[in-house]
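The values are calculated or read from the model by the stated rules, or taken from the named source; none is laboratory data. Remember, it's a predicted structure, so these values are computed and weren't measured experimentally. Heads up, the Cβs are rebuilt from the backbone with ideal geometry, glycines too, and the neighbour counts pull from every protein chain shown.
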Amino acid sequence: MNWSGIGNRQKSASRGTAGFVLPAVVLEVEPEFVAAARLEGSARAGRSVRHLGVRALDSSTLAAHPSRPNVANADNLRQTIEEVLTAIGNGSGRIGLIVPDRVVRAGTLSFETLPDNHHEAAALVRWRMRENLPFAPDEARISFQVVSREAGHTEVFAIAARASILGEYEAALGASNGGPVLTLPATATLLPLVPERNSTQLLIHACSGWVTTVIVAGKQVYSWRTSELAQTAEGNWPREVAAESTRAVASIRDRQHMEITRAWLCARPPAEGGLISDLKRELGCEIEMIAPPRELAGTLSGEERSLYDHFGAPVAGLVVNSAKNP
Amino acid sequence: MKIDLNLAVAPSPRERYALAWAAPTALLALVALVLLSLSALRTYREYRRVHGSVEELRAQEAKSRQRESELRRDLERPQLREVFRSVRFVNRLIDEKQSTVSELVERVAKLLPPQVRLAGLVLGESGGSPVVRIAVAGKSEEALEKFLANLENSDNFSDVAIISQGFAPEGSEGEPVRLACSARYLRMGRQ
């Protein structure tokens, strides 16, 4: 029995989370694929994607869930990660980990006052997040950021995941990397690619049989929903995505009286033409694809550039976010 | 939208500064290792030097022992034993030669009473030790007896024996009584 692993997980839940940092290698683990990107450049001079690799993952390897064990075949997952990291030429440097949205619970919390002390604020956020968590709050790793602060009113956007679940993904990286320095759900990495506007915008991220919808306005997140696409709709998943998006829009309209002016779509693998037309018809607003910026892929080869276009949006989002956090 | 989220565990101060401390610690360890290595090398060289000296002395000692045993074996041979005895005798004679006749005469003269005169003195050897023959002439027998008593009581003479005793021939009016005796001469006195 791996007692040290359990000890590390308990420690990791109680030690608090780090701030945003962009390492040189970013690894995304999804139920259907593993993608890795190697970055070059510096925070001051600007970062770009140097190499990018993607490997398909056997469907029985990983089952994303917020509270149940995720990794069914650890050896296969570890081997796939090693393959893709080797393909991009990773050493034993620091690494960033992007996990499936299904693992994470997200929410916007309102406070009359929030303590300036980070530890006290974190304890308060942990207490408020307990309603969103399908497990004990003490077992959660929580990260939050203040999105608006006015006199007598503070809005906080928080994400949380069970420490033991994140520990499974971290264990798959192997001991040589010393654990990731950045861990985020995939959709959170797309938020920096959404232009900051005061109008209400919808981000739709469909990936590996799941769809996450996020409604943002300015710097504020108003809604975050992650839903599984129906198994019967495997050939008809664009309609499922459109239906879930419609539900999210209807919900925000009912609760906040907000109208969506523009929707941004990121589908991995890429959506066929039917999805955009379905979304346009259902939502009645402009639909734009989130495309990873071309200028960030300057030295990629032709094959890698194609992978970057299809799978590189989260990595590109992290690079763009890093430029906003010099 | 800018995000400042991260679910990764914040590094502990130990982890954060581990890399920064690693280089100077490794450097100090390297310096200590070099110093210890040099010290160990110096000590080893010194040990080798002392060890070599000890081995050399042991070899010399063994050689000397061998030489000693060879000499002992040679000395144990009968012909050499005789030579050794002769050498010892010669050495002793050489030692005794160092005692002058005048010393002997002086010692004998001290034993002579006033009426006794020394007539002759011969130094010889008997049984590996010096023997002296003394001839004296005296005015009376009592005077010669007194001389013999002085000779026997002397620390430098032993085993006194009278060889001859008689009267002087006609015409020797002064010392009519004559005596010849022998005694073992103890140059160093009685031990």
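When both residues are 6+ apart or on different chains and their Cβ atoms are under 8 Å apart, which pairs have a first residue that lies in the range A:57-86 and is farther than 22 Å from A:ARG141 by Cα and not assigned by TED's automatic domain parsing to the domain that holds A:VAL99, and a second that is modelled with pLDDT of 95 or more and loosely packed, with under 14 Cβ neighbours inside 10 Å?
none
Restricting to the range B:123-154, what's the tally of residues that are exposed (fewer than 14 other Cβ atoms within 10 Å of the Cβ) and under 21 Å from B:PRO169 (Cβ atoms)?
Number of matching residues: 1.
Can you work out which of the residues in the range B:91-108 that are surrounded by 11 or more Cβ atoms within 10 Å (Cβ to Cβ) and modelled with pLDDT of 80 or more is nearest to B:ALA180 (Cα to Cα)?
Applying the filter and picking the extreme gives B:VAL108.
For A:ALA248, which of the numbered conditions (1) of a type in the set (Gly, Ala, Ser); (2) assigned to a strand (DSSP E or B); (3) out of contact with any helix residue (DSSP H, G or I) (no Cβ under 8 Å at 6 or more places or on another chain) fails to hold?
Just one mismatch for A:ALA248, condition (2).
I'm trying to understand the selection: among the residues of the range A:137-146, which are in contact with a helix residue (DSSP H, G or I) (Cβ under 8 Å, 6 or more places away or on another chain) and either within 10 Å of another protein chain (Cβ to nearest Cβ) or touching a residue at least 24 places away in the same chain (Cβ under 8 Å) (or both)?
If the condition is that a residue be in contact with a helix residue (DSSP H, G or I) (Cβ under 8 Å, 6 or more places away or on another chain) and either within 10 Å of another protein chain (Cβ to nearest Cβ) or touching a residue at least 24 places away in the same chain (Cβ under 8 Å) (or both), then A:ASP138, A:GLU139, A:ALA140, A:ARG141, A:ILE142, A:PHE144 are the ones that fit.
For A:ARG149, work out the one condition from (1) within 12 Å of another protein chain (Cβ to nearest Cβ); (2) free of Cβ contacts under 8 Å to residues at least 60 places away in the same chain it doesn't fulfil.
Against the list (1) within 12 Å of another protein chain (Cβ to nearest Cβ); (2) free of Cβ contacts under 8 Å to residues at least 60 places away in the same chain, A:ARG149 comes up short only on (1).
Which residue, of A:GLY317, A:GLY298, is away from every other protein chain (no Cβ under 14 Å) and either of a type outside the set (S, T, N, Q) or in contact with a strand residue (DSSP E or B) (Cβ under 7 Å, 6 or more places away or on another chain) (or both)?
None of the other options fit; the residue is A:GLY298.
When the residues of the range B:1-32 are narrowed to those that are loosely packed, with under 10 Cβ neighbours inside 10 Å and within 13 Å of chain A (Cβ to nearest Cβ), which ends up nearest to A:ARG197 (Cα to Cα)?
Step by step, filter the range B:1-32, then rank; the result is B:PRO13.
Test of understanding: among B:SER126, B:SER39, B:SER53, which residue is under 30 Å from B:VAL177 (Cα atoms) and out of contact with any Asp or Glu (no Cβ under 6 Å at 6 or more places or on another chain)?
B:SER126
Within 14 Å of another protein chain (Cβ to nearest Cβ) and either in a helix (DSSP H, G or I) or farther than 30 Å from A:GLU168 by Cβ (or both): does that describe B:ARG67?
no
Going through the range A:275-298 one residue at a time, which ones are outside any helix (DSSP H, G or I) and under 14 Å from A:VAL249 (Cα atoms)?
A:GLY284, A:CYS285, A:GLU286, A:ILE287
Taking the range A:179-214, which residues are facing chain B (nearest Cβ under 8 Å) and either among the charged types (D, E, K, R) or more than 27 Å from A:TRP237 (Cβ to Cβ) (or both)?
Of everything in the range A:179-214, those that are facing chain B (nearest Cβ under 8 Å) and either among the charged types (D, E, K, R) or more than 27 Å from A:TRP237 (Cβ to Cβ) (or both) turn out to be A:GLY179, A:PRO180, A:VAL181, A:LEU182, A:THR183, A:GLU196.
Before we move on, is B:ARG107 in a helix (DSSP H, G or I) and touching a residue at least 40 places away in the same chain (Cβ under 8 Å)?
For B:ARG107, the condition - in a helix (DSSP H, G or I) and touching a residue at least 40 places away in the same chain (Cβ under 8 Å) - is met.
Based on what the data block shows, is B:ALA40 exposed (fewer than 10 other Cβ atoms within 10 Å of the Cβ) and small (Gly, Ala, Ser)?
Answer is no for this residue.
Residue under question is A:GLU155, and the condition is that it be touching a residue at least 40 places away in the same chain (Cβ under 8 Å) and either among the charged types (D, E, K, R) or part of a strand (DSSP E or B) (or both); does it hold?
Yes: the conditions hold for A:GLU155.
Test each condition in (1) in the same structural domain as A:CYS207 (by TED's automatic domain parsing); (2) surrounded by 14 or more Cβ atoms within 10 Å (Cβ to Cβ); (3) of a type outside the set (A, V, I, L, M); (4) under 20 Å from A:LEU193 (Cβ atoms) for A:TYR308 and report the one that comes out false.
With respect to (1) in the same structural domain as A:CYS207 (by TED's automatic domain parsing); (2) surrounded by 14 or more Cβ atoms within 10 Å (Cβ to Cβ); (3) of a type outside the set (A, V, I, L, M); (4) under 20 Å from A:LEU193 (Cβ atoms), A:TYR308 is out only on (1).
Which one of these does A:TYR169 not meet: (1) more than 14 Å from chain B (Cβ to nearest Cβ); (2) surrounded by 14 or more Cβ atoms within 10 Å (Cβ to Cβ)?
With respect to (1) more than 14 Å from chain B (Cβ to nearest Cβ); (2) surrounded by 14 or more Cβ atoms within 10 Å (Cβ to Cβ), A:TYR169 is out only on (1).
Determine which single condition A:PRO134 fails, assuming it passes every other condition in (1) under 30 Å from A:PHE33 (Cβ atoms); (2) more than 14 Å from chain B (Cβ to nearest Cβ); (3) of a type outside the set (Phe, Trp, Tyr); (4) touching a helix residue (DSSP H, G or I) at 6+ places or on another chain (Cβ under 8 Å).
(4)
Can you tell me which of (1) closer than 21 Å to A:SER223 by Cα; (2) free of Cβ contacts under 8 Å to residues at least 60 places away in the same chain is the one A:GLY107 doesn't meet?
It fails just one condition, (2).
Can you tell me which condition A:ASP278 does not meet? The list is (1) outside the structural domain of A:THR200 (by TED's automatic domain parsing); (2) crowded, with 19+ Cβ neighbours inside 10 Å, and all the others hold.
Answer for A:ASP278: the failing condition is (1).
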